[in-house]
Amino acid sequence: MTGTPTAPGNTTDALVEFALGPAPANAPASTFDTAGVFLTDTLGCALAGSNTETNLAMLAAFSKNQGPYRLPGRPELVDRDAAAVLAAHAIHCLEWDAVHEPAVVHAMSVTTGALWAEVQTHKAVGGKTFLESVIVGVDIASRLGVATKGALRFFRPATAGLIGAAAAIARLRGFTPAQAKNAVGLAYSQVQGTMQAHLEGTPALAMQVALSARAAVNACDLAAAGLQGPHDVFDGKFGYFTLIEEDGDTGKLVSGLGNRFAIDELSIKPYPSGRASHGALSVLLRHIQAGTVNANNFAGLTARVPPLVHRLVGRPLGQDMSPAYARLCLPFLTGLALRDKTIDPRRFTAADFEDPGILAAASCVRVLVDDNQDLNALAPQEVSIELKNGERLTERLPAVLGAPKNPVSIEELKSKFELAASLSPAPPAATSNLFTDLLAIKQSADCWHLLAQLAPNANSQ
């Protein structure tokens, strides 16, 4: 561990002080507007993921005890823990949820899933208060990623996301500093999430996000009951920056707390695929939509990318690909984009994996590692498309589409939300109006009254 040494627990104290203090409430109005944008996008992802095969399997596993808690996009009623699990899983299972690129953390997913369940307990929570908790969870999860220079060893959206979500719930519950410190320690005691699931492309990847959402709620329950967790969870001999992340800087973790907010640094994911694939896909799809590239004149694609991008999506086609693996396979995604002129979340099926046209295009994709020394960088990238006439279209991307320096438009965001909503088994009524209302959730006196519209529920009558 590098950085300025601190007394035992001091880093935890600093994060708790931020989580419970006035800084999130005093964030600029623009930060709350941004939080509304990312919450809307994240909840749209939950609607899209709610009817996937894996989410239905998760529902069967976690809906043994019926309760009063509702789910985004689904008619079933479940208990609180199941609501956290299933909401978080639906958010992440299609690889469509927002990411903090410098941190390599899907920073909204665990926090939003946990808060989805938590707010149903409290009900009368104002929209601004709810967003304050979202801001806290995103900030802490993102900082845990930014504060390390080491390569991913554990699945950071689950590990960092769990600690951020526990802090977010602690704020919403109005914990004392002592309770919040215990909650963070008890959250750390449940940290899990292996990169092996990512390497193999198994559904366990999104399950790890889901289980972290439940663990965050449970950690706060334990702290509220007076149970004590470890306190030196970042600097300690067996702390986060020793066991979970290497080369962590606790000084960087706490520097500037409350002066800048990580939610302003998030990236929207325009495509339901691994974020590391979006650089090449954005260039390819722009040429496809302009008519300069198509399946007939395409001869190859070469992406020169940082080591992390190669590691995450430079994988070959699999013999028996799962949808989770295919979403992380740039060669397959390239073929899919050429065939469909888009990346549709419904087109990750066995028939698609065997499509001769997709397989032929995929065989012409090369992902090469550049000389970037940052083990957590997703950009810059260089994408070169070769046509059959010998022409080569080359573009260098300083920022990937959807990043703060290369944003998507509000119209594109709305189209994504409406498509996502249409994929749920119980699409909310007046989706366009709901999109607009969610963007303005900070003005809501009772945010659950608004959020409940995402869960049309005949069983709740």
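For Asp370 and Ala57, calculate 0.36 nm times their separation in residues minus their Cα-Cα distance, and state this gained length in nm to one decimal. Kindly include the intermediate steps, with their values, before the conclusion.
Numbers: separation 313, 0.36 × 313 = 112.68 nm, distance 4.00 nm.
Extending this stretch completely gives an extra 108.7 nm.
Run the helix sum for the chain: -39,500 (n - 2.57) per DSSP H stretch of 4+ residues, divided by residue count, reported at 222 nm to the nearest 500 deg cm²/dmol.
Values: 21 runs with 227 residues, N = 461.
It comes out at -15000 deg cm²/dmol, rounded to the nearest 500.
Determine the per residue accessible area of region 362-405 with all protein chains present and a 1.4 angstrom probe, expressed in square angstrom. Don't skip to the answer; put the middle values down first.
Numbers: 2530 Å² over 44 residues.
Each residue of region 362-405 exposes 58 Å² on average to a 1.4 Å probe.
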Worksheet item: Using alpha carbon centroids, what distance separates region 318-336 and region 143-181, in Å?
Response: 31
Item to complete: Alpha carbons only, please: Rg and Dmax for region 207-276, in angstrom.
Response: 16.1, 44
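At a threshold of 8 angstrom on Cα-Cα distance, excluding pairs fewer than six apart, so keeping six or more, what relative contact order does region 350-461 reach in percent? Before the final figure, lay out the partial values.
Values: 61 pairs, mean separation 14.3, N = 112.
Worked out over region 350-461, it gives 13 percent.
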Fill in: region 47-184 - Rg (one decimal) and Dmax (whole number), Cα, Å
15.0, 44
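Can you divide the C-alpha Rg of region 232-385 by 2.2 N^0.38 Å and report the result to two decimal places? Working shown, then result.
Values: Rg = 18.6 Å, N = 154, 2.2 N^0.38 = 14.9 Å.
Rg over 2.2 N^0.38 Å, computed on Cα atoms: 1.25.
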Item to complete: Run the accessible area of region 218-338 with a 1.4 Å probe and give the carbon-and-sulfur part as a rounded percent.
Response: 51
Practice prompt. Could you tally the net charge around Leu77, taking each other residue with its Cβ under 15 Å from the Cβ of Leu77, Lys/Arg +1 and Asp/Glu -1?
Written response: +1
Practice prompt. Taking the Cα centre of region 124-208 as origin, work out the dipole magnitude from +1 charges on Lys and Arg Cβ and -1 charges on Asp and Glu Cβ, in debye rounded to 20.
Written response: 200
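How high is the FRET efficiency from Asn433 to Lys341, r the C-beta distance, R0 45 Å, rounded to 0.05? List each step's numbers first, then the result.
Numbers: r = 29 Å, r/R0 = 0.65.
Computed FRET efficiency for Asn433 and Lys341: 0.95.
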Worksheet item: Once the other residues with Cβ under 15 Å from the Cβ of Pro203 are scored (Lys, Arg +1; Asp, Glu -1), what is the net sum?
Response: -3
Worksheet item: How large is Rg/Rh for region 290-375, to two decimals, with Cα atoms and a Kirkwood Rh?
Response: 0.98
Fill in: Point-to-point label distance, Glu200-Asp446, nm (Cα→Cβ direction, 7 Å offset)
4.7
Item to complete: Can you spot the lysines whose alpha carbon is less than 28 Å from Lys64's alpha carbon? Ignore those fewer than 8 places along the same chain.
Response: Lys123
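State to the nearest 20 debye the size of the charge dipole of region 8-129 about its Cα centre, where the only charges are +1 on K and R beta carbons and -1 on D and E beta carbons.
On the way: 6 positive and 12 negative charges, 89 e Å.
The calculation lands at about 420 debye.
For the chain, take the alpha-carbon Rg, divide it by the Kirkwood Rh, and send me Rg/Rh. List each step's numbers first, then the result.
Values: Rg = 21.3 Å, Rh = 22.0 Å.
For the chain, the value is 0.96.
May I ask for the Rg/Rh ratio of region 124-186, computed from Cα atoms with Rh as the Kirkwood radius, given to two decimals?
Values: Rg = 12.7 Å, Rh = 12.3 Å.
Dividing the radius of gyration by the Kirkwood radius yields 1.03.
Between Gln453 and Ala224, take the C-beta separation as r, use R0 = 45 Å, and let me know the FRET efficiency to the nearest 0.05. Each step should come with its number before you reach the end.
On the way: r = 29 Å, r/R0 = 0.65.
Computed FRET efficiency for Gln453 and Ala224 comes out at 0.95.
Ignoring ligands, DNA and RNA, what percent of the 1.4 Å accessible area of region 105-206 is carbon and sulfur? Present the calculation step by step, with values, prior to reporting the outcome.
Numbers: 1470 of 2450 Å².
In region 105-206, the share of accessible area belonging to carbon and sulfur is 60 percent.
Averaged per residue, what accessible surface does region 44-190 expose to a 1.4 Å probe, in Å²?
On the way: 3580 Å² over 147 residues.
Per-residue value: 24 Å².
Only Cα pairs under 8 Å and at least 6 apart count here; give the relative contact order of the chain as a rounded whole percent. Walk me through the numbers before you get to the answer.
Numbers: 996 pairs, mean separation 106.0, N = 461.
Relative contact order here is 23 percent.
Using the Cα centre as the reference, give the magnitude of the dipole from point charges on the C-beta atoms of the chain (Lys, Arg: +1; Asp, Glu: -1; all else neutral), rounded to the nearest 20 debye.
Working: 36 positive and 42 negative charges, 40 e Å.
So the dipole magnitude of the chain works out to roughly 200 debye.
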Worksheet, complete the sentence: Neighbours of Asp370 by Cβ distance under 12 Å: Lys/Arg at +1, Asp/Glu at -1, summed charge -1
Fill in: Cα coordinate range in region 1-97, projected on the principal axes (Å, largest first)
48, 34, 28
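Could you sort out which of Lys269/Lys388; Lys341/Lys405; Lys181/Lys252; Lys128/Lys149 sit more than 22 Å apart by Cα distance in this structure?
On the way: Lys269/Lys388 31 Å; Lys341/Lys405 25 Å; Lys181/Lys252 20 Å; Lys128/Lys149 34 Å.
Listed pairs above 22 Å: Lys269/Lys388; Lys341/Lys405; Lys128/Lys149.
The values are calculated or read from the model by the stated rules, or taken from the named source; none is laboratory data. No experiment lies behind these values; they were computed from the predicted model shown. Don't worry about glycine lacking a Cβ; one is built from the backbone with ideal geometry, like all the others, and counts go over all protein chains shown. Each accessible area value is taken on the protein alone, full model and side chains, heavy atoms only, with ligands, DNA and RNA left out. Shrake-Rupley method; radii C 1.70, N 1.55, O 1.52, S 1.80 Å.
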